[in-house]
1. Just A:356, A:122, A:104 to compare: in a GNM of chain A, with alpha carbon springs under 10 Å, which one fluctuates most?
2. Could you put A:39, B:49 in order, starting from the residue whose Cβ has the fewest other Cβ atoms within 10 Å?
3. Hey, what number do you get for the protein assembly as shown at 222 nm if only DSSP H runs of n ≥ 4 count, each worth -39500 (n - 2.57), divided across all residues, to the nearest 500?
4. Using R₀ = 41 Å, calculate the FRET efficiency as 1/(1 + (r/R₀)^6) where r is the Cβ-Cβ separation of residue B:308 and residue B:281; round to 0.05.
5. Which distance in nm do the two modelled labels at residue B:89 and residue A:199 give, with both placed 7 Å along the Cα-to-Cβ direction?
6. How crowded by other chains is B:256-268, given as the mean number of beta carbons from other chains within 10 Å of each beta carbon?
7. Once you've got the GNM for chain A with C-alpha springs shorter than 10 Å, pick whichever of A:121, A:160, A:86 has the biggest mean-square fluctuation.
8. Restricting to chain A, compute how many DSSP beta bridges are antiparallel as a %, nearest 5.
């Protein structure tokens with residue numbers, strides 16, 4: 001019996017070795033100078049939200065470039081300097097030429113590793129530090145939020161829209177403001193009611209926050225949260241919803257209208273192509289709808305009549321550069337004109353947003 | 001603020017806590033501190049969802065959830081009762097295991113929605129007659145069947161614990177296992193039975209979240225509710241009736257922040273999030289000051305029972 005066991009193990013070993021050789025042979029046959037792209041994820045690839053969106057981008061890039069690139073990734077990498085450096089060393093060992101780190105907290109580790117491996121290129125999502133061989137990248141999500149605001153503003157009958165938001169940081173505040181400006185552009189009476197959950201991901205809290213807003217008379221929901229719980233609350237209350245990150249028509253068919261989406265593939269493809277061509281630079285990337293990194297999901301039948309046309313019209317203006325979301329005049333909650341007619345906000349101003357525009361109902365907690 | 005709709009939401013938020021807390025009270029009453037609540041809740045939540053998704057049968061989904069919680073509890077029971085292992089460590093391990101199990105099984109269900117007939121079975125329904133009572137009816141009797149089931153569990157288990165021979169025996173096992181053993185009670189059998197009961201109730205508590213509250217599968221759907229339930233057991237001083245008040249109080253604190261934000265009170269949300277734990281500490285302090293016999297932890301809690309050592 002013992003002998004059989006050993007024989008069995010030996011067979012498995014031979015089989016794995018054969019398989020290993022087979023895959024090696026395949027990739028070697030592709031191209032001699034195959035580029036290796038490494039991806040560091042903060043969550044699992046199947047989180048159905050943020051990391052899924054990044055992973056879809058990786059797969060898209062791989063599909064487009066075929067044999068010219070091989071990608072490797074590591075899930076659930078904590079936002080801890082030492083861990084990030086360790087993962088990067090492993091990836092460089094495996095031949096990585098460019099490494100993408102997808103979460104804000106990966107920044108310090110990435111910058112440290114960039115100094116250690118000057119021949120490797122690094123890119124960090126949502127951060128602000130750069131080095132000779134390290135850059136950062138993010139998307140102008142506010143553009144798609146503005147468009148989703150148009151849909152919500154046309155849909156609401158009570159003129160009260162719920163917005164379940166994670167943390168009072170500039171990224172989230174910018175999204176709320178853009179959404180509100182979009183909603184007000186089609187419905188000047190609209191109010192956007194904000195609730196902070198202080199978590200990116202906690203389905204039960206998100207739902208409780210949404211329920212509070214729905215009880216107060218909101219009939220459309222929007223969210224800066226990673227789960228579908230807000231939309232589930234909307235569906236139960238007979239209200240309608242705007243999602244985030246990924247399309248959710250399957251999950252909440254009776255509420256889902258559309259969602260602002262990330263299409264990281266567009267950026268990953270360009271960045272890896274630049275590495276292949278040798279044209280890669282450390283210029284930070286903040287792409288918008290014109291580059292396809294951001295989009296609004298196709299609208300479902302629940303979207304209000306005429307919304308698709310209106311959105312298409314504004315989208316075309318955003319893409320052509322004729323219109324920008326934060327063009328003056330923009331008023332704050334107190335009704336003061338903060339951005340004058342004819343002016344528009346600079347990127348620095350947008351990256352440091354700490355006030356709400358007129359039409360938002362809610363406070364920004366001072367602790368942040 | 002609409003008070004009735006808020007209180008109705010409080011009952012909803014408190015229900016998963018109530019199931020887990022009452023289950024844990026019984027586990028602790030026989031002397032077994034099971035810190036694996038969070039794990040068992042997640043096991044129940046994901047199994048209930050998977051079974052409900054696969055079979056489209058709400059009853060099977062609920063049984064699956066209870067069974068999953070019991071299997072988690074069985075592992076814990078075998079290690080702590082039969083092998084007399086350390087209860088804290090085993091419980092923590094169970095939490096880690098259950099979290100991993102839920103991620104693993106749930107990974108193929110992320111974003112999927114339960115079939116219509118399952119969600120309908122667990123949707124809010126008006127309880128006949130009782131829902132007509134003004135205010136009370138709106139708050140307590142326009143809820144999911146699982147909420148009604150939680151009321152029934154509390155009443156049944158409360159009577160069992162305080163009014164029957166079995167209740168007396170199980171309390172004796174927790175207070176003084178040697179005496180219970182000497183009087184002919186099978187200590188192991190009682191311990192196994194109530195630890196498994198605790199597991200089943202935790203599983204159902206988790207399943208309330210995935211079957212009734214948010215019937216779309218989400219990673220880590222419990223988000224720490226199992227730990228709150230551990231604190232709640234102390235808050236309720238091991239009394240299933242007080243657990244009802246405690247669960248709704250903690251559930252209410254969990255969601256009141258979202259209702260208060262409207263009024264722009266100068267209280268940071270973090271303070272409100274802290275309240276359940278502050279309340280638990282206060283209860284512990286009060287209990288040790290009063291030192292009443294009823295309001296203390298079962299004496300043998302946390303210790304394995306060795307017959308040879310009595």
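1. Between A:356, A:122, A:104, it is A:104 that shows the largest mean-square fluctuation.
2. Result, fewest neighbours first: A:39, B:49.
3. -17500 deg cm²/dmol
4. Numbers: r = 38 Å, r/R0 = 0.93.
Step by step, r from the Cβ atoms, then E = 0.60.
5. 3.1 nm
6. Details: counts 2, 8, 14, 8, 1, 11, 9, 0, 4, 1, 3, 1, 5.
The per-residue average across the peptide is 5.
7. With Cα springs under 10 Å in chain A, the top fluctuation among A:121, A:160, A:86 is at A:86.
8. Working: 8 of 47 bridges.
Roughly 15 percent of the beta bridges in chain A run antiparallel, per DSSP.
Read-outs: derived from the displayed coordinates by stated rules, not from any lab. Keep in mind that what you see is a predicted model, and the values were worked out from it rather than measured. Neighbour counts run over all protein chains shown; Cβ positions are idealised from the backbone, glycine included.
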